Amino acid sequence: MHAGIGKTVLRKEDLRLVTGRGRYSDDLNLPGQAYGAAVRSPHAHALIRSIDVAAARAMPGVLAVLTGADVVADGLKRIPHLAAPGTPPDIVLHNRDGSPVPIAPHHVLPTDRVRHVGAAVAFVIAETIAEAKDAAEQVVVDYEPLPAVTEATAAVEPGAPRLYDDLPNIMIDAEVGDAAATADAFAHAAHVTRLDTWINRVTGVPMEPRAAVGVYEATTGRYTLYAGSGGIVRQKRELAAIFGVPLEAVRVVAHEIGGNFGTRNSFFPEFALVTWGSRRVGRPVKWTCERHECFVSDYMGRDLTVSAELALDADGRFLALRTRNLSNVGAHSGSYVPLVKGVGLATAGYRIPTSHISARAVLSTTMCTTPYRSAGRPEVIYVMERLIDKAALEHGFDRIALRRRNLIPPSAFPYRNPQGITYDNGTYRTVMERAMELGDWKGFKKRRAEARKRKRLRGIGLCCYLETTGGYPRERADITVHPHGRVDVVVGTLSSGQSHETTFAQCVAEWLGVPFDDVYVNESDTDIVKEGGGSHSARSMRLAGIVMGNASDAIIEKGKKIAAHMLEAAEDDISFDAGRFTVKGTDRSVGIFDVAAAAANGKAVPEDLSGPLAATSDETIRQLGFPYGAHVCEVEIDPQTGALALVRYTAVDDVGRAINPMVVDGQTHGGAAQGIGQALWECCTYDAQGQLLSASLMDYAMPRADLLPSFTTDISEVLTPTNRLGVRGAGEGGTTGALGAVVNAVVDALAEFGVTHIEMPVTPERVWRAIQSAKK
């Protein structure tokens, strides 16, 4: 079987997982381990007057009760979140007044006040989890409640409750683009369409709740953290920074990860608590998050308030975009990436000569928002696609014709958008037409008429999306060819379902000409993985492909030198193909594993060529990727109740080269389900006092298999010129195209009532109210 690049190959990971041999974080148990339980704040905003732990410490089995005072006494630093306001080649946001962008600190345990419901204020360690939970209930915290503010629009108002005495609520107040040119374009526009909307806050709800085991070895002074995350090297750096120790004093291990979606990428306080706790009690400490804790303490995503305007000429050409984006970052500066990414991509894949964007980030008494699948891009693509459909309704244009007229043509690439981001290449209109063809756009009128006979409203929606991927720019690969017929690949990414063991092996198997089953990928242990950025922003295959390719090339070049000695030929006369080194023009050859054996033996080769047949590539690659695509959605609505059914869904995604089409389709299916979930059901809802009303699976609605149709998907493969594989990225486009496609379909179904917009999540109540309001 040929299992190289571009082939559908069954996943290596699956046999282990379906036979119960996977190793998730909660599966790990160490001899003599103790158990931790967090005491969490019931208040969204309150001063901590005192914490009385005496009764808890006296409970049976209790080993320690740790508070913020202990954090200070032991010198633990704040969590070093990656909260830069952008780094090139992404745009960088600068405050208009020239002041530096501040960082609202996030401590392992607070000492002064709590700033969101669910913040951990103490950590109990005991012999059993039951004893830890019982003791946690005996911790007495004297809170002085303060006013809460949960909505971004309220948090920016003068007189809004301040979260920090020494920081304003507004962290970023920037503008990007040409204000004067944009104002002039609007002044001369034949048509202007405006959209005011809120992109709802969501959370990842991974199938596996967070869990961690921490170990401190007193004899070596070394910390080990066993925990699933988005990247073990990042977690190692952050844990070392919190403890103020050298990197070599920290080890991080992650095996199977039951879902991430960005939720696990940032560092969590509990990771420091279990390792620090192990140091305090002299034993391993384990903590497992319960589902109700996940909802209040997992990082959240989205929550963007937008006021946007699109200017058009009389023929429907886009002239300018003007938008105000307000990002609710929550209680601490977890990340500004969603705001930055969204600003850079605000004009999407359309030719828009000028833009002006106001970008603000504001604190609130809610859990932090951090990058969630396709951070920032689904929000702004949704806004752009809603503006186009709204402009068509308001000004008498055909919504498809507007897109055809304004999508960037292939001849315009490389294309620099008005915010300063340069797109590589693409066939945006071709992909749109393909999605409409697969979605049978032409046959929709017949399906709508049939639905009307059943007293149902049917709508169809289209979303043309563009992604900009990036992420941590440094990646490393170490590849070793062993004499016994095994190739080890060590990479600094980290799979949480992206099939790296399969797709990375496909690449290396093709480059080195070895059997696919003989290639083994390791990403799980920082004692082996020396460098790398983990998995986020669709970076894994883009960057790993570069460094794995470089390392493979280096192995082949070294192998040619060794083979030349083995075959008694000049190095220039050696060629390599399909795993064999051959003397050109002859049938004399030697296999790559034989070459590895000769190098390991060292007797038949010079000293400088002896040793492992191995190579390393460590690169810093500051380059963006631009996946794109188009999604078509159809819905049916019962006008009497507002009940909505999603009945058809089609996605065409250009990911560049598809290393494994089956895996790409799987990424699209999962991504689309998440985007559809946000559009129709999911929402993190806080009340005015900052209490989370959606803190369980009873209240946080999620997509289920019986709520989704079978998806129709297709892959476009226009190779990007920015990397050797031509890969753009496949992990996030399914989500990015879904929001606009779903809401555009709903509005199309309701257009006969005069409805021009409806907010997410599009619940039956919202649909019913929109119909009743329009009737009045």
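The values are calculated or read from the model by the stated rules, or taken from the named source; none is laboratory data. The model shown is predicted, which means the values in this text are computed figures rather than measured ones. Positions of Cβ are generated from backbone atoms using ideal geometry, with glycine treated the same way; all protein chains shown enter the neighbour counts. The protein model used for the area step is the full one, side chains on, heavy atoms only, and it has no ligands, DNA or RNA in it. Shrake-Rupley method; radii C 1.70, N 1.55, O 1.52, S 1.80 Å.
A few points about this structure:
- Pick from the range 263-315, criterion under 21 Å from the mean Cα position of the chain (by Cα) and aliphatic (A, V, I, L, M), ranking: nearest to Ile352 (Cα to Cα): Leu304
- Unique match (being within 18 Å of Arg486 (Cβ to Cβ) and touching a residue at least 12 places away in the same chain (Cβ under 8 Å)) among Ala569, Ala563, Ala600: Ala600
- Sole exception among (1) touching a residue at least 60 places away in the same chain (Cβ under 8 Å); (2) not in a helix (DSSP H, G or I) for Val755, by number: (1)
- In the range 621-648, the residues that are farther than 30 Å from Thr722 by Cβ form Cβ pairs under 6 Å with partners that are surrounded by 24 or more Cβ atoms within 10 Å (Cβ to Cβ) and of a type in the set (Asp, Glu), at six or more places apart or across chains, as follows: Val647/Glu634; Arg648/Glu634.
- Residues of the range 462-476 satisfying the condition of being among the charged types (D, E, K, R) and open to solvent by less than 10 Å² (accessible area, probe 1.4 Å): Glu467, Glu475
- Residues considered: Ala774, Ala738, Ala751, Ala701. Of these, the only one that is surrounded by 20 or more Cβ atoms within 10 Å (Cβ to Cβ) and of a type in the set (A, V, I, L, M, F, W, C) is Ala738.
Condition check ((1) farther than 18 Å from Ser537 by Cβ; (2) modelled with pLDDT of 95 or more) across all residues:
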{"position": "Ile460", "(1), (2)": "yes, yes"}
{"position": "Leu466", "(1), (2)": "no, yes"}
{"position": "Gly471", "(1), (2)": "no, no"}
{"position": "Val487", "(1), (2)": "yes, yes"}
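- Only a single item in (1) small (Gly, Ala, Ser); (2) buried (at least 24 other Cβ atoms within 10 Å of the Cβ); (3) out of contact with any Phe, Trp or Tyr (no Cβ under 6 Å at 6 or more places or on another chain); (4) more than 18 Å from Ile381 (Cβ to Cβ) is not met by Ala314, and it is number (2).
- Residue in the range 556-563 that is open to solvent by 30 Å² or more (accessible area, probe 1.4 Å) and either touching a His at 6+ places or on another chain (Cβ under 9 Å) or within 30 Å of Pro378 (Cα to Cα) (or both) present: no
Quick grid of which residues meet (1) of a type outside the set (Gly, Ala, Ser); (2) crowded, with 18+ Cβ neighbours inside 10 Å; (3) touching a helix residue (DSSP H, G or I) at 6+ places or on another chain (Cβ under 6 Å):
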{"position": "Ala412", "(1), (2), (3)": "no, no, no"}
{"position": "Gly443", "(1), (2), (3)": "no, no, no"}
{"position": "Arg447", "(1), (2), (3)": "yes, no, no"}
{"position": "Ser496", "(1), (2), (3)": "no, yes, no"}
{"position": "Glu501", "(1), (2), (3)": "yes, yes, yes"}
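- Filtered by the rule that a residue be in contact with a Lys or Arg (Cβ under 7 Å, 6 or more places away or on another chain) and free of Cβ contacts under 8 Å to residues at least 40 places away in the same chain, the range 322-375 gives a lone residue, Gly342.
- When each of Val140, Val176, Val192, Val121 is tested for being over 30 Å from Val762 (Cβ atoms), over 32 Å from the mean Cα position of the chain (by Cα) and not acidic (Asp, Glu), the lone residue that passes is Val140.
- Check on Gly471, out of contact with any helix residue (DSSP H, G or I) (no Cβ under 7 Å at 6 or more places or on another chain) and part of a loop (DSSP other than H, G, I, E, B): yes
- Count - residues of the range 115-161 that are out of contact with any Pro (no Cβ under 7 Å at 6 or more places or on another chain) and more than 22 Å from Gly690 (Cβ to Cβ): 14
- The number of residues in the range 221-243 being free of Cβ contacts under 8 Å to residues at least 40 places away in the same chain and open to solvent by less than 50 Å² (accessible area, probe 1.4 Å) comes to 4.
- So Ala645, is it under 28 Å from Cys507 (Cβ atoms), in contact with a Lys or Arg (Cβ under 9 Å, 6 or more places away or on another chain) and open to solvent by 10 Å² or more (accessible area, probe 1.4 Å): no
- Assessment of the range 650-658 against the conditions (out of contact with any Lys or Arg (no Cβ under 6 Å at 6 or more places or on another chain) and open to solvent by 10 Å² or more (accessible area, probe 1.4 Å)) yields at least one matching residue.
- Matching residues, the range 130-161, being part of a helix (DSSP H, G or I), open to solvent by less than 70 Å² (accessible area, probe 1.4 Å) and closer than 27 Å to Arg283 by Cα: Ala130, Glu131, Ala132, Ala135, Ala136
- The C-beta contact set for the range 200-220 (first residue at pLDDT 95 or above and open to solvent by less than 40 Å² (accessible area, probe 1.4 Å), second residue aromatic (Phe, Trp, Tyr) and part of a loop (DSSP other than H, G, I, E, B), distance under 6 angstrom, 6+ apart or interchain) comprises Gly204/Phe261.
- Flag not set for Val362, criterion: at pLDDT 95 or above, touching a helix residue (DSSP H, G or I) at 6+ places or on another chain (Cβ under 9 Å), surrounded by fewer than 24 Cβ atoms within 10 Å (Cβ to Cβ) and of a type in the set (A, V, I, L, M, F, W, C).
- Residue within the range 528-548 that is farther than 30 Å from Asn425 by Cα, in contact with a strand residue (DSSP E or B) (Cβ under 7 Å, 6 or more places away or on another chain) and open to solvent by 40 Å² or more (accessible area, probe 1.4 Å) present: yes
- Taking the range 1-94 and the helices (runs of 4 or more DSSP H) fully enclosed by it, the elements with 2 or more residues that are under 26 Å from Ile257 (Cβ atoms) and open to solvent by 70 Å² or more (accessible area, probe 1.4 Å) are at 13-18.
- Conditions (1) in a loop (DSSP other than H, G, I, E, B); (2) of a type outside the set (A, V, I, L, M, F, W, C); (3) open to solvent by 20 Å² or more (accessible area, probe 1.4 Å); (4) in contact with an Asp or Glu (Cβ under 9 Å, 6 or more places away or on another chain): number failed by Gly118: (3)
- Scoring Ala272 on the criteria (1) closer than 30 Å to Gln691 by Cβ; (2) surrounded by fewer than 24 Cβ atoms within 10 Å (Cβ to Cβ) leaves a single failure, condition (2).
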